[in-house]
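One structure is given here, and the rest of the page talks about it.
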Amino acid sequence: MPSLKIKGVTVDFPFTPYPCQTDYMSKVIECLQNKVNGVLESPTGTGKTLCLLCATLAWRQYFKDTISARKIAEKMGGAELFSDRPLSSWGTSATDGDSPMYYTDVPKIIYASRTHSQLTQVIGELRNTSYRPKVCVLGSREQLCINQEVMKQESNHVKVHMCRAKVSTRSCLFYNNVEEKSTDKEIINSILDVEDLVKAGNKQRVCPYYLSRSLKQQAEIIFMPYNYLLDPKSRRAHNIELQGAVVIFDEAHNVEKMCEESTSFDLTPYDLTSALQAVDKLLHEQVGDAGKEEDLSETSSSALKLDITSVAKIKQIIMDLEMNINTFEIPPNGQGITKPGSFIYELFQKAQVTFDTKTSVAETIDQITGYLSSQPGIFLNTSGLQKLGDIIQLVFVGEAAEASGVHLEKRTRQFKVHIHADTSSSRKKQNADVWAPASSKKQGNVLSYWCFSPGFSMQELVQQGVRSIILTSGTLSPLSSFTAEMQIPFPVSLENPHVIQRDQIFVSVIDKGPDGTLLSSAFDRRFLPANMASLGNTVVNLSRVVPDGLLVFFPSYPVMDKTLEFWRGNSLAERIENIKPMFVEPRGKATFTEVIDGYYERVNEPNGRGGSFFAVCRGKASEGLDFANSYGRGVVITGLPFPPRMDPRVTLKMQYLDEMSRKREAGVKYLSGQEWYRQQASRAVNQAIGRVIRHREDYGAIFLCDQRFKGTDVRAQLPSWVRPHVKLYDSFGCVVRDAAQFFRVAQKLRPPPEKKPAPLPASSSQCGGASSSGGGGGGSGAACSSQKAKMLDSHVPSLKRRRTEEAELGVGVARLCVQYEAELPTNQRRARGLLDALEHSDHTGHTQQDANTQERLEERPSNWTQASKRKIRLVQRPTAPEPPRSEVTGSWKGHDFLLELKRNLSQENFTQLMEALKTYKESDDLLDFLTKAAALLTPDPNTHRLLRGLYQAVRPHHKKRFHEQCVLLTGEGCGYKTEHSLSREQRRALTTHTDSEASSGLVEVAVGVPSSEKASGADKSKELSEPTVLMADMQKALGADKSKQLFSCLSAYRKNHHYDQMLSTVVSLLTERDEHLQLLKRLEVFIPACDRSRFREMTSSLTGGSQSHETQPSASSDEGKSQPKISSFFAGHS
């Protein structure tokens, strides 16, 4: 592994680091050397975790070497080993000039992240380094306990008390082995995550929970969720020693919220009622025991070691507290009553809980809870009693000597007491329970004690004597407001750039939808039908442009639910579903995994167009999920996710910040309430944006669909690596154009890995083994890849038989015949060869599915497969004489032509030509097909006629170009005629309109010639009337008003050549309905040669068509000829 020197510390890194990684490690070491705090932002994909681990452990090793060097120097009595460097100076760069003399002075590293799953990823990164420190990961009993008797308990706190009881009586086999196994070298020297600990516990028959606590004593780096650090109760329970430690908060964008929640609580009437019921049960039991004097000494309640008076006091405390809370009359507006934070002590004092009595009260509650939890029989809810005990410990922190008024005022100034009516779901559940006692159904108030400063918890950590606190994440921007909230100094800060290039990210602000409606999620606009419809059309069009997976984030669940409901009622959801199947983030955790797995599977489908995932900012999908590569090619932000303004907690937070800002304490900076409010929205947006680029080879687009993103103050809150790439657009059409161009370039520079379907069942393995029957095994892989990831047809006999028959056909002629036959309308379908089918297809027909092929196969006799195989069996025959040149395009049809190819080509060349035909059918790329066919058929003059024979396989819109290329390659053409370029649809349309056009003179207007000069031949008439037919179709599809707007736009474009302005109008008119997309493609005939390639690229991106038109050699050969016809058409309509 490469080694590098950073600030005097040698760091072993798995590979040569990027400059941004070196900068990051330098900032980490600077924090550790100087004993200061740091806030470091580095985007996801820049190797943040790896840099953090390597830099921290390298510095710690250097610190340890310092002690060793000084011990050596002390033993040598001042003698020096090296003349150029005194031993006494070793390690000063690592220790900031300190002189530690004991190895116990080496700081421990406490590495905290949000969840255990994130910690597992961190531990995985640690294994990739050369460092092998002693490691410990802390978890809860819920995660680590392997005692089945304990784990079968429903309530978590019941598990805690049962575990404690078993430990105190040494009745847990696994706990009894902890002391012995905690010195096992295999366990001590292994890097174990939570899953590894559980596996080791089951294998060694030792308790993982207490084993981890034992390993903590000698661990050099301790991993834990960061609520273990921030929650004072958890910190005490796990006995976490912070003196001199280095504390790292990874994924720290949630630390602010966790700091406030860890010191806040809501005490509901339900909590107090359940606590009262639990104490009542114990009192009844004690009274019953007291009545049995003969058994009094051995009663079950005597094991509690509490007299009836102590239990009665707890009941009185609960009743007094409930009465004092409910005496407040809540105002009719329902906003509640707010008091200063110090009021909490006044409230508890009325219930006889003070600093003097808090210890005995808390211990008594703990004993009661433990006793009731351990009782067999009907489950008794003790959660309310447990919660009350935790609240007393949270409120009454410190000793009685610190209970002076000044001290309490200072301690609680970051808190507010808020009393409000109970409207929770638990309240509704109580009222619906007919068996609940009447006392529990009465209306009550909720006592809330809310912390409004994350700095309160951070200052507690500093007071514990930590060496450094490092906060790091991929999205901490804006840093200034984040550090202001923490209320501790951060001398070291970093906003790292990304490791990606400019061509890997596309960021656009979309302030208007395709129809020109302003997009906004503001309260007064979010539910307007016009706004929701325009947003839906925006997502529909972006779904066409963005490949693979598309993520759409809403500000909140109510906004998402109502918007999706509107889309479903107005066919917008159906249009999105037809392009990218929709998956919606559920509110609960139960079904989330199922939904996200379905989305991943859809994106992974080899022949699919991906999927769309709809989620909310601050939700599970926006916070911790990885949407790397094809899972997240585009992110749509549908609005700014401001916190709910009417929420009492949000309102009080803003009031608190405004109040603290006015006080202007020396050395302390507070945000204003409005600044905090905006910052919350920005940070949620930044977190959602971070889903799109996950590593240095990833690429993706970000679409900010709210007019407010055009404001400089809003854009300034975006991450530093995003801001330089933000583009503002005047029209939606330009966004589509540039986004399509971005993905074309990105896909060429970074081709996506080939999508592979899920492994097939053993019964379908014949897919690759029957290729010989079709003439060549080269296509077996393609045949397999076309199968669905989920083989549901294995359970349907008819479909199963079909798959077997297809496997037998392999990649031969019959297989291709079936594929192409399925594309034809039912009334035109008959047994044809591949090329004959291609001759009768048009440019828009190649996207149809072969869903009806199943019916055709089932209608055939059971011996059809064998008959078909005999019918198409190819044998060597003497070469037939070449038909006359004049008949070269008509003599060979379907199988006859394929037989001619088979006779004149080797097996390998025949298979390659069939694959080229199949590719052309799917991609519509004439240049690619012509190149491959020419390479096979032009070296030998005897096969030139076969190249010209392929003319019948070329689609109508390519006939002329193919004819011209054959002239260049073989010296002869293919007998091209004008009518060959007309599709079936165009022929039908011309037939319908010819008579009416002739009588009204529209043909003459379209072509700009008098009726006396009108072509007499039918072919000429059909060719020249195409613009008029298109305009008639436009009028029929769009209606009078919109078609008039379209004609005016095209006429203006002809005069001023403002392409972007024209494109914006055209896209807005012709993308509102999916069936209009074909009209958009046909509009190409009105686009001059200078803009035609750009127009083709844009339409191809919207419709999922080929991107290769711009490279076709004769693209401009006929463009100039068509322009006089188009010009005269607009001249007649202007």
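No value in this document is a laboratory result; all are computed from the given coordinates. Since the structure is predicted, the reported quantities are computational estimates derived from the model, not experimental observations. Neighbour counts are summed over all protein chains in view; Cβ atoms, including those assigned to glycine, are modelled from backbone coordinates with ideal geometry.
Using the Cα centre of the range 526-578 as the reference point, and only Cβ charges (+1 on K/R, -1 on D/E), how large is the resulting charge dipole? Debye, rounded to the nearest 20.
160
Taking a 22 Å limit on the Cα-Cα distance, which of the listed pairs 233/620; 710/1081; 669/710; 134/199; 166/281 fall beyond it?
Result: 233/620; 710/1081; 669/710; 166/281 exceed 22 Å.
At 0.36 nm per residue, and after removing the present C-alpha to C-alpha distance, how many nm does the segment from residue 697 to residue 488 gain when stretched out fully?
Full extension of this stretch gives 71.5 nm more.
Compute the FRET efficiency between residue 217 and residue 308 as 1/(1 + (r/R0)^6), taking r as their Cβ-Cβ distance and R0 = 56 Å, and round to the nearest 0.05.
In this case the efficiency is close to 0.85.
Among residues other than residue 312 whose Cβ falls under 14 Å from its Cβ, what is the net charge (Lys/Arg +1, Asp/Glu -1)?
It works out to a net charge of -1.
As an exercise, identify the GluC sites (Glu not before Pro) in the range 136-231 lying in DSSP coil whose Cβ has no more than 12 other Cβ atoms within 10 Å.
Counting only loop positions with at most 12 other Cβ atoms within 10 Å, the GluC sites (Glu not before Pro) in the range 136-231 are 154.
Amide H of residue 470 versus every other amide H placed in the peptide plane: which residues, excluding those fewer than 5 positions away on the same chain, fall under 5 Å?
38, 247, 248, 249
Which trypsin sites (Lys or Arg not before Pro) in the range 153-211 sit in a loop by DSSP (not H, G, I, E or B) and have at most 13 other Cβ atoms within 10 Å of their own Cβ?
Taking the range 153-211 and a limit of 13 other Cβ atoms within 10 Å, the loop trypsin sites (Lys or Arg not before Pro) found are 170, 205.
Exceeding 31 Å between C-alpha atoms, which entries from my cross-link table qualify? They are 257/562; 216/257; 108/416; 48/152.
108/416; 48/152
Taking amide H positions as placed 1.01 Å from N in the peptide plane, with prolines and chain starts having none, which residues 5 or more places from residue 507, or on another chain, fall under 5 Å of its amide H?
Under 5 Å from the amide H of residue 507 lie the amide H atoms of 702, 727, each far enough along the sequence or on another chain.
Enumerate the calculated ³J(HN,Hα) couplings along the range 241-254 in order (Karplus 6.51 cos²θ - 1.76 cosθ + 1.60, θ = phi - 60°), each rounded to whole Hz, writing x wherever the residue is Gly or Pro.
Those phi angles translate into 8, 9, 4, x, 7, 9, 10, 10, 9, 8, 6, 7, 5, 9 Hz.
Mind pulling up the Rg/Rh value for the range 631-682? Radius of gyration and Kirkwood radius, both on Cα.
1.18
Explain nothing, just compute: Karplus ³J(HN,Hα) = 6.51 cos²θ - 1.76 cosθ + 1.60, θ = phi - 60°, for every residue of the range 602-616 in order, whole Hz, x for Gly and Pro.
So the J values, rounded to whole Hz, are 5, 5, 7, 4, x, 9, x, 9, x, x, 10, 10, 9, 9, 10.
Counting other Cβ atoms within 10 Å, which trypsin sites (Lys or Arg not before Pro) in the range 608-666 have at most 12 and lie in a DSSP loop?
645, 664
Report the residues of the range 46-60 in range of a label on residue 130: point 7 Å along Cα→C-beta, backbone N strictly under 17 Å from it.
What the label zone holds, given the 17 Å backbone N cut-off, is 50-60.
Compute the distance in nm between two label points, each set 7 Å from the Cα along the Cα-to-Cβ direction, one at residue 287 and one at residue 343.
Placing both labels 7 Å beyond Cα along the Cβ direction yields 3.6 nm.
Taking 0.36 nm per intervening residue step and subtracting the Cα-Cα distance, what contour gain separates residue 409 from residue 71 on full extension?
Gain on stretching residue 409 to residue 71: 116.7 nm.
Provide the FRET efficiency to the nearest 0.05 for the residue 233-residue 584 pair, computing r from the beta carbons and using R0 = 30 Å.
Step by step, r from the Cβ atoms, then E = 0.20.
Once you place label points 7 Å from the Cα toward the Cβ at residue 480 and residue 16, how far apart are they in nm?
Result for the modelled spin labels: 3.9 nm.
Please give the FRET efficiency for residue 203 paired with residue 121, using the beta carbon to beta carbon distance and R0 = 30 Å, rounded to the nearest 0.05.
It comes out at approximately 0.80.
Residue by residue through the range 356-368, what is 3J(HN,Hα) from phi via Karplus (6.51 cos²θ - 1.76 cosθ + 1.60, θ = phi - 60°)? Round to whole Hz and write x for glycine and proline.
Each residue of the range 356-368 in turn: 6, 9, 4, 5, 5, 5, 5, 5, 5, 4, 5, 5, 4 Hz.
Gain in length, residue 196 to residue 594, computed as 0.36 nm per residue apart minus the alpha-carbon separation, to one decimal in nm?
Difference between extended and current length: 140.7 nm.
Distance in nm between label sites at residue 907 and residue 363, each 7 Å beyond Cα in the beta-carbon direction?
About 9.1 nm, to one decimal.
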